[in-house]
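Shown next, in structure tokens, is the structure this report addresses.
The values are calculated or read from the model by the stated rules, or taken from the named source; none is laboratory data. Not measured: the values here are computed from a predicted model. Every residue, glycine as well, gets a Cβ built from its backbone with ideal geometry; the counts of neighbours run over all protein chains shown. Side chains included, ligands, DNA and RNA excluded: accessible areas come from the protein's heavy atoms. Shrake-Rupley method; radii C 1.70, N 1.55, O 1.52, S 1.80 Å.
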Amino acid sequence: MRFLARIIVWFLVISVGLTVLYRFVPPPVTVTMLADGNGVTKDWEPLSRIDRNMVAAAIAAEDSKFCSHNGFDKEAIEKAMERNAEGGRLRGGSTISQQTAKNVFLWQGEGWSRYLRKGLEVWFTFLIENLWGKRRIMEVYLNVAETGIGTYGVEAGAQRYFGKSAAKLTPLEAARMAAALPSPKTRSVKNPTGFTRRYGNTIAARLGTVKRDGYDACVYE
């Protein structure tokens, strides 16, 4: 019991310490990057040099309640549980905060390790929501999310697909990058077809609503 208590104390100290550090310092590497056999191309950019279209596109595609929840979207989680109970492919109800916690501190994982990761994900999501705030969460998310094969962050993705900085993305370009985020290794960004193209167009159409109704207000307040 004493040994277990020490492990718990060290885990708390290290996890809180890393979270505080990454509030100010860009995470140098993630487990996902280390496990990527395709190599890693990344280029950290502060949020001030990422076009607002990309922020709006991420919110429209991944988490419309980003500014109003505390890291967890209860309604989305309940719907995901209902769908999963019906069988078939597992689907999540993860928010951008949860995805950021997973991408920075944890691993992707399948099988039993997925359930262990989910438990830790709750803890790290709680930490970043309370120690980082929404703007920093969005900044880190857009810099560590996988945007293509061996490509991480929207700056590297923008350079790869459009030959320009993430500061100059058009609404449609940002929407197409956001449409590919759930499956960046298989969804085409530059010349999308089928579902990815339709989804990208839908996201682009939602950008005006995100900005007009303030769904991204917490990032820029």
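Tabulated results
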quantity	calculated
Residue that is most open to solvent (accessible area, probe 1.4 Å), among those in region 16-30 that are assigned to a helix (DSSP H, G or I) and closer than 15 Å to Val140 by Cα	Leu21
Members of region 31-66 found to be assigned to a loop (DSSP other than H, G, I, E, B), acidic (Asp, Glu) and under 17 Å from Arg176 (Cα atoms), listed by number	Asp51, Asp63
Positions within region 35-51 being touching a helix residue (DSSP H, G or I) at 6+ places or on another chain (Cβ under 6 Å), open to solvent by less than 40 Å² (accessible area, probe 1.4 Å) and closer than 20 Å to Phe105 by Cα, in sequence order	Glu45
Meets criteria (within 22 Å of Gln99 (Cα to Cα), touching a Phe, Trp or Tyr at 6+ places or on another chain (Cβ under 7 Å) and open to solvent by less than 60 Å² (accessible area, probe 1.4 Å)) for Glu139	no
Residue satisfying all of: in region 183-208; open to solvent by less than 50 Å² (accessible area, probe 1.4 Å) and β-branched (Val, Ile, Thr); farthest from Gln108 (Cα to Cα) among these	Ile203
Lone qualifier among Gly109, Gly148, Gly163, Gly93 - being over 21 Å from Thr19 (Cα atoms) and over 18 Å from the mean Cα position of the chain (by Cα)	Gly163
Selection count, region 155-173, where residues are touching a strand residue (DSSP E or B) at 6+ places or on another chain (Cβ under 6 Å) and either under 11 Å from Asn53 (Cβ atoms) or surrounded by 24 or more Cβ atoms within 10 Å (Cβ to Cβ) (or both)	1
Number of positions in region 94-147 that are modelled with pLDDT of 95 or more and not in a helix (DSSP H, G or I)	7
